[in-house]
1. Put a dot 7 Å past each Cα toward the Cβ at Ile68 and Ser113; how far apart are the dots in nm?
2. Which lysines does Lys84 reach when only Cα atoms under 30 Å apart count, and residues fewer than 8 places away in its own chain are ignored?
3. When we measure straight from the Cα of Lys39, which lysines land under 24 angstrom away, once same-chain ones fewer than 8 places off are left out?
4. How far is helix 86-120 tilted, in degrees, relative to the longest principal axis of the Cα atoms in the chain, given as a value from 0 to 90 rounded to the nearest 10?
5. As an exercise, use a Förster radius of 25 Å and the Cβ-Cβ distance of Lys172 and Asn134 to find the FRET efficiency, rounded to the nearest 0.05.
6. Ignoring everything except DSSP H segments at least 4 long, calculate the 222 nm mean residue ellipticity for the chain; use -39,500 (n - 2.57) per segment, divide by total residues, nearest 500.
7. Please give the charge dipole size of region 3-205, origin at the Cα centre, charges +1 on K and R Cβ atoms and -1 on D and E Cβ atoms. Round to the nearest 20 debye.
8. Quote to one decimal, in nm, the extra length available between Ala83 and Glu187 on full extension: 0.36 nm per residue of separation minus the C-alpha distance between them.
Amino acid sequence: MSTDDAAQTIGEIESYLPYYTESLNTLRSFIDKFHEIEKSFKANDRDLKVEELSDFRDKLNFLGFLTISILDLLVISRNILLAKYVWERIHNFRLGYLLIYESINLYHEHVGSIKKAVVKHPEMTELFKLLSSNLRDFKKHYEYESTINFIRNKTAAHIERDFQTYYDTVNKIKEKKAFHAIVSFLEILFKMQELSKELSQKLPQALNRKDLSLK
């Protein structure tokens, strides 16, 4: 990447950071409101479906994790572009692979409930299908199991105690492809966050109140 391209990309990243930070703060305030109303309903409404509230709470937590993951990967991408030394970039690539792995795992944990929610809200079907397709293509193109997960397991989630294995694993990182993987996964996270945010707007009927809004 040329110096001009890198500077432009850094500028784009820095423009995203305030927006997603504010989104995170808004979500945190939203969760406080939700808890207050949830307590009120539990105290006064015997017909309130506890399972429905629990499912909605899970959606909010998932949305929060996705927003944090976006912020972290944006910072990692920026740090890679600003890095002067090889080990700075290696450090951030390892963190990036770790975050990609954890994000995909969490998505798979929630995908069942997401499918159920999409069935209830068919207007979200196309976005869900696009997200699923993008994720499959990403895992294939960037060799998710043999490269991303392997490097993550040996150098980030756990520190390989055999120095030669650790060193050789670090040297398997192909910087250009690794950076493209992080940027490509950010695009997937944007779609995940968009889908999750839209579904989180679909309030449980008992809590369908105007003062609860993520917008």
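1. 1.6
2. Partners within reach: Lys139, Lys154, Lys172, Lys174, Lys176, Lys177.
3. Correct list for Lys39: Lys49, Lys59, Lys197, Lys202, Lys210, Lys215.
4. 30
5. Given R0 = 25 Å and the Cβ-Cβ separation, E is 0.50.
6. It comes out at -27500 deg cm²/dmol, rounded to the nearest 500.
7. 380
8. 35.2 nm
No lab work stands behind these numbers, since they all come straight from the coordinates. Remember, it's a predicted structure, so these values are computed and weren't measured experimentally. Counting neighbours? That spans all protein chains shown, and the Cβs are built from the backbone with ideal geometry, glycine included.
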